[in-house]
Amino acid sequence: MIDDILKDAKQRMGKSVESLENELSRMRTGRAHPSLLEHVKVDYYGAETPLSQVANINTEDARTLTVTPWEPPMVAAVEKAIINSDLGLNPNTAGTVIRVPVPPMTEERRKDMVKVVRSEAEGGRVAVRNVRRDANSDLKELEKEKEISKDELRKSEEEVQKLTDAAIAEIDSVLQKKETELMEV
(Lines give C-alpha, C1' and ligand atoms only; values in the text may rest on other atoms or scores of the structure.)
Protein backbone atom coordinates (compact mmCIF):
# COMPACT_ATOMS: atom_id res chain seq x y z
CA MET A 1 0.00 0.00 0.00
CA ILE A 2 2.74 2.45 1.01
CA ASP A 3 4.84 1.40 -1.98
CA ASP A 4 1.96 2.19 -4.34
CA ILE A 5 1.58 5.68 -2.89
CA LEU A 6 5.34 6.33 -3.10
CA LYS A 7 5.52 4.96 -6.65
CA ASP A 8 2.58 7.13 -7.73
CA ALA A 9 4.11 10.22 -6.09
CA LYS A 10 7.47 9.60 -7.78
CA GLN A 11 5.80 9.13 -11.15
CA ARG A 12 3.69 12.30 -10.81
CA MET A 13 6.69 14.35 -9.66
CA GLY A 14 8.65 13.05 -12.65
CA LYS A 15 5.84 14.14 -14.94
CA SER A 16 5.90 17.63 -13.39
CA VAL A 17 9.64 17.93 -14.08
CA GLU A 18 9.17 16.57 -17.61
CA SER A 19 6.36 19.05 -18.26
CA LEU A 20 8.59 21.93 -17.13
CA GLU A 21 11.42 20.76 -19.41
CA ASN A 22 8.96 20.59 -22.29
CA GLU A 23 7.66 24.07 -21.58
CA LEU A 24 11.14 25.55 -21.28
CA SER A 25 12.33 23.91 -24.51
CA ARG A 26 9.76 26.03 -26.34
CA MET A 27 11.12 29.24 -24.83
CA ARG A 28 12.98 31.19 -27.45
CA THR A 29 16.66 31.77 -26.95
CA GLY A 30 18.95 33.43 -29.47
CA ARG A 31 19.80 29.98 -30.82
CA ALA A 32 17.83 28.14 -33.51
CA HIS A 33 16.23 24.90 -32.38
CA PRO A 34 13.52 22.83 -34.13
CA SER A 35 11.35 22.80 -30.98
CA LEU A 36 10.97 26.56 -31.44
CA LEU A 37 8.38 25.90 -34.17
CA GLU A 38 6.73 22.92 -32.46
CA HIS A 39 3.60 24.73 -31.34
CA VAL A 40 3.02 26.49 -34.71
CA LYS A 41 -0.23 25.32 -36.31
CA VAL A 42 -0.69 25.17 -40.10
CA ASP A 43 -3.99 25.26 -41.98
CA TYR A 44 -3.68 21.83 -43.61
CA TYR A 45 -6.64 21.45 -45.96
CA GLY A 46 -8.98 23.12 -43.48
CA ALA A 47 -7.63 21.49 -40.30
CA GLU A 48 -5.28 23.14 -37.79
CA THR A 49 -2.28 20.77 -37.80
CA PRO A 50 1.05 21.04 -35.93
CA LEU A 51 3.87 22.14 -38.24
CA SER A 52 5.91 19.03 -37.38
CA GLN A 53 3.16 16.87 -38.95
CA VAL A 54 3.24 18.63 -42.34
CA ALA A 55 6.93 19.51 -42.69
CA ASN A 56 10.45 18.52 -41.75
CA ILE A 57 12.12 21.04 -39.39
CA ASN A 58 15.93 21.12 -39.18
CA THR A 59 18.67 23.37 -37.90
CA GLU A 60 20.86 24.71 -40.70
CA ASP A 61 23.22 26.61 -38.42
CA ALA A 62 23.13 28.30 -34.99
CA ARG A 63 20.83 31.06 -36.22
CA THR A 64 18.80 29.43 -39.03
CA LEU A 65 16.06 26.82 -39.19
CA THR A 66 14.99 25.11 -42.40
CA VAL A 67 11.43 23.95 -42.90
CA THR A 68 10.70 21.57 -45.78
CA PRO A 69 6.97 20.87 -46.29
CA TRP A 70 6.23 17.32 -47.42
CA GLU A 71 3.84 18.61 -50.08
CA PRO A 72 5.00 21.46 -52.35
CA PRO A 73 1.57 23.22 -52.32
CA MET A 74 1.89 23.62 -48.52
CA VAL A 75 4.88 26.02 -48.75
CA ALA A 76 2.69 29.16 -48.72
CA ALA A 77 0.50 27.89 -45.86
CA VAL A 78 3.54 26.96 -43.75
CA GLU A 79 5.20 30.33 -44.38
CA LYS A 80 1.97 32.14 -43.44
CA ALA A 81 1.65 30.10 -40.23
CA ILE A 82 5.22 30.98 -39.18
CA ILE A 83 4.64 34.68 -39.89
CA ASN A 84 1.36 34.66 -37.92
CA SER A 85 2.88 32.85 -34.93
CA ASP A 86 3.77 34.83 -31.79
CA LEU A 87 7.50 34.24 -32.36
CA GLY A 88 8.21 37.34 -34.46
CA LEU A 89 10.09 35.40 -37.13
CA ASN A 90 10.35 36.32 -40.84
CA PRO A 91 10.74 33.23 -43.03
CA ASN A 92 12.36 33.35 -46.49
CA THR A 93 11.15 30.92 -49.15
CA ALA A 94 13.50 29.43 -51.72
CA GLY A 95 11.55 26.95 -53.83
CA THR A 96 10.27 24.21 -51.54
CA VAL A 97 12.57 25.10 -48.62
CA ILE A 98 11.67 27.78 -46.09
CA ARG A 99 14.60 29.32 -44.19
CA VAL A 100 13.75 30.91 -40.87
CA PRO A 101 16.50 33.19 -39.51
CA VAL A 102 16.38 33.51 -35.71
CA PRO A 103 17.45 37.03 -34.73
CA PRO A 104 19.59 37.49 -31.61
CA MET A 105 17.72 38.68 -28.53
CA THR A 106 18.36 42.01 -26.85
CA GLU A 107 19.66 42.16 -23.26
CA GLU A 108 16.30 43.46 -22.02
CA ARG A 109 14.41 40.67 -23.78
CA ARG A 110 16.79 38.09 -22.26
CA LYS A 111 16.09 39.40 -18.75
CA ASP A 112 12.34 39.26 -19.41
CA MET A 113 12.68 35.67 -20.59
CA VAL A 114 14.64 34.76 -17.43
CA LYS A 115 11.71 36.12 -15.35
CA VAL A 116 9.27 34.00 -17.35
CA VAL A 117 11.50 30.93 -16.98
CA ARG A 118 11.72 31.46 -13.20
CA SER A 119 7.95 31.71 -12.89
CA GLU A 120 7.55 28.49 -14.94
CA ALA A 121 10.02 26.77 -12.60
CA GLU A 122 8.07 28.00 -9.58
CA GLY A 123 4.94 26.51 -11.14
CA GLY A 124 6.80 23.20 -11.43
CA ARG A 125 7.85 23.39 -7.78
CA VAL A 126 4.24 24.06 -6.75
CA ALA A 127 3.08 21.03 -8.76
CA VAL A 128 5.68 18.83 -7.00
CA ARG A 129 4.60 20.15 -3.59
CA ASN A 130 0.97 19.40 -4.44
CA VAL A 131 1.95 15.80 -5.22
CA ARG A 132 3.73 15.66 -1.85
CA ARG A 133 0.63 16.96 -0.09
CA ASP A 134 -1.57 14.37 -1.83
CA ALA A 135 0.81 11.52 -0.96
CA ASN A 136 1.07 12.61 2.68
CA SER A 137 -2.71 12.88 3.02
CA ASP A 138 -3.09 9.37 1.53
CA LEU A 139 -0.56 8.07 4.04
CA LYS A 140 -2.34 9.81 6.95
CA GLU A 141 -5.59 8.27 5.77
CA LEU A 142 -3.99 4.81 5.93
CA GLU A 143 -2.74 5.54 9.46
CA LYS A 144 -6.17 6.80 10.52
CA GLU A 145 -7.73 3.55 9.28
CA LYS A 146 -5.12 1.62 11.30
CA GLU A 147 -3.63 0.03 8.17
CA ILE A 148 -0.16 1.34 9.03
CA SER A 149 1.51 2.34 12.29
CA LYS A 150 2.71 5.80 13.31
CA ASP A 151 6.31 4.71 12.71
CA GLU A 152 5.48 3.54 9.20
CA LEU A 153 3.68 6.84 8.59
CA ARG A 154 6.71 8.84 9.73
CA LYS A 155 9.12 6.77 7.61
CA SER A 156 6.86 7.05 4.58
CA GLU A 157 6.50 10.82 4.99
CA GLU A 158 10.31 11.09 5.14
CA GLU A 159 10.50 9.05 1.93
CA VAL A 160 7.97 11.36 0.25
CA GLN A 161 10.04 14.35 1.39
CA LYS A 162 13.17 12.79 -0.16
CA LEU A 163 11.30 12.34 -3.46
CA THR A 164 10.13 15.95 -3.24
CA ASP A 165 13.64 17.25 -2.55
CA ALA A 166 15.02 15.27 -5.50
CA ALA A 167 12.34 16.58 -7.88
CA ILE A 168 12.84 20.18 -6.76
CA ALA A 169 16.62 19.82 -7.14
CA GLU A 170 16.02 18.56 -10.68
CA ILE A 171 13.75 21.55 -11.40
CA ASP A 172 16.42 23.92 -10.07
CA SER A 173 19.01 22.25 -12.29
CA VAL A 174 16.77 22.61 -15.38
CA LEU A 175 16.13 26.26 -14.45
CA GLN A 176 19.85 27.01 -14.02
CA LYS A 177 20.66 25.44 -17.38
CA LYS A 178 17.93 27.43 -19.16
CA GLU A 179 18.96 30.71 -17.47
CA THR A 180 22.57 30.15 -18.60
CA GLU A 181 21.36 29.40 -22.12
CA LEU A 182 19.22 32.56 -22.18
CA MET A 183 21.95 34.88 -20.94
CA GLU A 184 24.51 33.56 -23.46
CA VAL A 185 25.17 36.08 -26.20
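Looking at Ala32, Ala55 in this structure, which one is at pLDDT below 85, of a type in the set (Gly, Ala, Ser) and touching a strand residue (DSSP E or B) at 6+ places or on another chain (Cβ under 7 Å)? Let's see the steps before the verdict.
On the way: Ala55 fails: at pLDDT below 85.
Going through Ala32, Ala55 in turn, the sole match is Ala32.
Exactly one residue out of Val160, Val114, Val78 is touching a strand residue (DSSP E or B) at 6+ places or on another chain (Cβ under 9 Å) and either of a type outside the set (Val, Ile, Thr) or in a helix (DSSP H, G or I) (or both): that is Val78. In the range 157-183, the residue that is surrounded by the fewest Cβ atoms within 10 Å (Cβ to Cβ) out of those that are in contact with a helix residue (DSSP H, G or I) (Cβ under 6 Å, 6 or more places away or on another chain) and β-branched (Val, Ile, Thr) is Ile168. Is there any pair linking a residue in the range 1-20 that is closer than 19 Å to Leu139 by Cβ to one that is among the polar types (S, T, N, Q) and surrounded by 16 or more Cβ atoms within 10 Å (Cβ to Cβ), with Cβ under 6 Å and at least six apart or on different chains, and which? Note: pairs meeting the criteria are Ile2/Ser156. Of the residues making up the range 124-134, not a single one is surrounded by fewer than 18 Cβ atoms within 10 Å (Cβ to Cβ) and of a type in the set (Gly, Ala, Ser). Contact annotation: residue pairs with Cβ atoms under 7 Å, 6 or more positions apart or on different chains, pairing a residue in the range 132-150 that is closer than 24 Å to Met13 by Cα with a partner that is in a loop (DSSP other than H, G, I, E, B), are Leu142/Met1; Leu142/Ile148. Considering each residue of the range 139-156 in turn, at least one proves to be buried (at least 16 other Cβ atoms within 10 Å of the Cβ) and part of a loop (DSSP other than H, G, I, E, B).
Candidates are the residues of the range 69-95 that are of a type in the set (S, T, N, Q) and exposed (fewer than 15 other Cβ atoms within 10 Å of the Cβ); the one that is nearest to Glu38 (Cα to Cα) is Asn84. As a summary of the residue check, Asn90 satisfies the conditions (1) within 27 Å of Ser16 (Cα to Cα); (2) assigned to a loop (DSSP other than H, G, I, E, B) except for the one numbered (1).
Residues checked against (1) surrounded by fewer than 18 Cβ atoms within 10 Å (Cβ to Cβ); (2) among the charged types (D, E, K, R):
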site: Met1; (1), (2): yes, no
site: Met13; (1), (2): no, no
site: Glu18; (1), (2): yes, yes
site: Leu24; (1), (2): no, no
site: Tyr45; (1), (2): yes, no
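The values are calculated or read from the model by the stated rules, or taken from the named source; none is laboratory data. Since the structure is predicted, the reported quantities are computational estimates derived from the model, not experimental observations. When we count neighbours, we look across all protein chains shown, and the Cβ atoms used for this are built from the backbone with ideal geometry, even at glycine.
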